[in-house]
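These notes are about the structure you will find just below.
No value in this document is a laboratory result; all are computed from the given coordinates. Predicted, not measured: the structure shown is a model, and the values here were computed from it. Glycine also receives a Cβ, built like all others from the backbone with ideal geometry; neighbour counts cover every protein chain displayed.
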Amino acid sequence: MTAGDWSVPETEVMDAVDEGLDEQNAVLATVVAVEGSAYRRPGAKMVVVDDGNGVGSITAGCLEDEVLTLAAEVLDVGEPRIKQFDLTGDDDVWGLGVGCNGVIDILLEPLDDRYRPVVDAYQRGEDTAVLTVLTSDNSRLDVGDRALGFSTATSDDPDLRFETTEWPEWVIEEVSPTAELLISRDKSDSVALERNGETVEVFVDSVTAPPELIVFGSGHDVAPVASLAKQVDFRVTVASFRGGAAEGDRFPAADRVVSTSPAATRETLAFDENTYAVVMTHNFIDDRIVLEELLETPLEYIGLMGPRKRFEEMQEEFHEEGRTFGERELERVYTPAGLDLGGGTPFHIAQSIVAELTAIHHDRDPKHLKEREGTIHRRVEIDS
């Protein structure tokens, strides 16, 4: 596989899943367990088609070629397989000199129509908890059997509705609280269940819809923001207030480009808790109007380009018109938008903004990793 296929955003991995389902010629490789350190955590995916090409990353590149070989075998046999890779030893593994220093379990399974509802939900912007049997001594469950839980509420408090008639009721009953916890944290993990002497190990894969980013503006500095945001799995909309600038080829990374007016923002676009906005029109009046519109939505992040003094002047004009900002509203407005990274080029500025968006989305307080105590990737403690 090429470096480009390895480093694609997760949205492109799901596109590859969709194509593999259409062709019925692909294997889905998923990290289902990690003991110790690893580049990717449970839930990381790679799609392998029958021509030997892979899309997506499950490690830093040290196991992908090995997985390509295993995937070909799985596709020939037509049955799922779990492979464990122990990278903890001091010896050179497969001559690769890898240093992940962890034990990684990878599930390889032929893609079939049972996964179609997951892709459909993802494309609709809905979350799904995918349950897959890893081990079982229950006569009704085999390795690779799957049940799907669809989120019917918010991501912070998901209420999963499971659609299956084949699984024992006690398994669904036992795994549901863990699945709801994991999907609310956008994490995946394996859980061991036991009742009346029967044991079942289930992998709970949180397939969550990508966050939406709406960038308001049509200047040259919009394209770098759209490009970097797309690379880190935002679905990107560019909203232009200048109809002539609402052309897709000006912003090739954007999923869509729309033409609207500041006062019609809420009429033209949809907003929910998984949506973020960056306002960079560089027009004081347009910014004022669209900011007021956005404050009437459930957005938790409204990035406003420009110096702090500009926003203070904006507040003064609002105040003269009888509009004041409450503390909760001010908490949602990030201006100047971005983190203090020091660069000044258009891509440095875009990097600063997208880094801030990523931290907010993952509920992180940005800091140097060397200052972080514990693991790099946040874990979710679950009861087995």
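Ordering 209, 231, 252 by Cα displacement along the dipole of the range 188-252 toward the positive end leaves 252 in first place; charges were set at the Cβ atoms of Lys, Arg (+1) and Asp, Glu (-1).
Taking amide H atoms as placed 1.01 Å from N in the peptide plane, the amide H of residue 26 lies under 5 Å from those of 111, each 5 or more residues away in sequence or on another chain. Reported to the nearest whole Å, the Cα centre-to-centre distance from the range 56-86 to the range 302-352 is 47. Measuring from centroid to centroid over Cα atoms, what is the spacing of the range 256-282 and the range 157-217 in Å? Value for the Cα centre distance between the two parts: 32 Å. What you get for the chain, charging only the Cβ of Lys and Arg (+1) and of Asp and Glu (-1), is a dipole of about 1200 debye around the Cα centre. The charge dipole of the range 224-331, taken about its Cα centre with unit charges on the Cβ of Lys, Arg, Asp and Glu (plus for the first two, minus for the last two), comes to roughly 520 debye. The modelled label-to-label distance for the pair residue 329/residue 22, using points 7 Å beyond Cα in the direction of Cβ, is 4.6 nm. Applying 0.36 nm per residue to the separation of residue 116 and residue 315 and subtracting their alpha-carbon distance, the gain on full extension is 66.7 nm.
Pairs of Cα atoms nearer than 8 Å and 6+ residues apart set the relative contact order; for the chain it is 11 percent. Annotation: lysines with alpha-carbon distance below 29 angstrom to residue 187 (same-chain offsets under eight excluded): 45, 83, 230, 367, 370. Across the range 329-371, Cα pairs under 8 Å and at least six residues apart give a relative contact order of 30 percent. Considering only the Cα atoms of the range 230-308, their convex hull presents on average a projected area of 5.5 nm². A viscosity of 1.002 mPa s and a temperature of 20 °C, combined with the Kirkwood radius over Cα pairs in Stokes-Einstein, give a translational diffusion coefficient for the chain of 94 µm²/s. Projecting the Cα positions of 103, 39, 75 onto the charge dipole of the chain (unit charges on Cβ atoms of Lys, Arg, Asp and Glu, taken about the Cα centre) puts 39 furthest along the positive direction.
If only the Cβ of Lys and Arg carry +1 and only the Cβ of Asp and Glu carry -1, the dipole of the range 125-207 around its Cα centre is close to 80 debye. What the Cα convex hull of the range 212-361 gives, in volume per residue, is 103 Å³.
Once the C-beta distance of residue 370 and residue 267 is scaled by a Förster radius of 51 Å, the resulting FRET efficiency is 0.60 to the nearest 0.05.
Under 5 Å between amide hydrogens, built in the peptide plane, is the criterion, and for residue 304 it picks out 279, 334, 335, 337 among residues at least 5 positions away or on other chains. Each of 115, 131, 220 was placed along the dipole of the chain (beta-carbon charges, centred on the mean Cα), and the one lying farthest toward the positive end is 220.
Relative contact order, whole percent, for the range 125-207 stands at 36, derived from Cα pairs under 8 Å and 6 or more residues apart.
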